[in-house]
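Please read the structure below before turning to the comments.
The values are calculated or read from the model by the stated rules, or taken from the named source; none is laboratory data. Note that the structure is predicted; figures quoted are calculated from it, not measured. FYI the Cβ positions are ideal-geometry reconstructions off the backbone, even for glycines, and counts take in every protein chain you see.
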Amino acid sequence: MKKGIYILPNSLTMCGMFAGFYAIIAAIRGDYISAAWAILVAMIFDGLDGWIARLTHSTTRFGIELDSLSDLVAFGVAPAVMLYKWSLIPFGRIGWAAAFLFVACGALRLARYNVQMGSTEKKSFTGMPIPGAASVVAATAIFYNEMDWLASKSIFILFLAFMLSILMVSTLRFHGAKELDFRKRKPFWILVAIAVVFALVVMHPAIALFVFAMLYLSVGIIENIYLVLNKKKAEIKQQ
């Protein structure tokens, strides 16, 4: 600390924390769509701070800890408050228990990530990353609003809150942007795919974001089922 801190990556982390705090205030006011978009904006800053820190070789222990605290606010507390106010209040104790579980599992996920960083978490994530879980919540809120569906006392939202909580503390493998090495050359079709994704989001943001979020969730679960089945087949062959 006596040597000082790197301003740029830590400032981006604080921007993400601010977006998360704004999401909490918006959710308390009942402006759930603004809260959802603020969570997605926080995701952009969360990706930028890590990328800038690696690019400028300014990664520090202070930055890692600040990033985790920011993530807990933006992707743990903010989605949980939004979920509770938006859909879970009519469920009573079950509703606030589901919201608390989301925050608690998010905190445990972040703590485990910090401990395992550089070992088991070098490439893929162990458990669903908390920004991924928050993005599913935010995309679902935006999608429900677009479809004009009533979210209050929705069994699907309650189930989603519990499922995302369990996935965050699970040992299932999930992929993230950190696995992509942008310094190496990539096939041309990847650039075309990125352009298609941007076009789809621009045409219909609510539906596109919800579909992408559900795809990330579904592909992660399907991949892990496939890995478990392959492992069992290999064990049977060895016997």
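General remarks:
- Cβ-Cβ under 7 Å pairs, at least 6 apart or on other chains, region 195-221 side among the β-branched types (V, I, T), far side in a helix (DSSP H, G or I): V201/A208; V201/L209; I207/F143; I207/E146
- Of the helices (runs of 4 or more DSSP H) lying entirely inside region 1-88, the ones with 2 or more residues being surrounded by fewer than 15 Cβ atoms within 10 Å (Cβ to Cβ) and at negative phi are found at 7-29, 32-55, 61-71.
- Subset of region 29-67 that is acidic (D, E) and without any contact (Cβ under 8 Å) to a residue 60 or more places away in the chain - its residue that is nearest to N145 (Cα to Cα): D31
- The residues on offer are Y144, Y216, and the sole one that is among the hydroxyl-bearing types (S, T, Y) and under 30 Å from T56 (Cβ atoms) is Y216.
- For first residues located in region 6-28 and within 14 Å of F75 (Cα to Cα), partners that are buried (at least 19 other Cβ atoms within 10 Å of the Cβ) and among the hydroxyl-bearing types (S, T, Y) and lie 6+ apart or on another chain with Cβ distances below 6 Å form the pairs T13/S70; G16/S70; M17/S70.
- Residue within region 211-232 that is at pLDDT below 85, more than 19 Å from the chain's Cα centre (by Cα) and of a type outside the set (A, V, I, L, M) present: yes
- Odd one out for F102 among (1) in contact with a Cys (Cβ under 6 Å, 6 or more places away or on another chain); (2) buried (at least 22 other Cβ atoms within 10 Å of the Cβ): (1)
This table checks each residue for (1) touching a Gly at 6+ places or on another chain (Cβ under 9 Å); (2) surrounded by 11 or more Cβ atoms within 10 Å (Cβ to Cβ).
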site: R173; (1), (2): yes, yes
site: A195; (1), (2): no, no
site: L200; (1), (2): no, yes
site: L209; (1), (2): no, yes
site: E223; (1), (2): no, yes
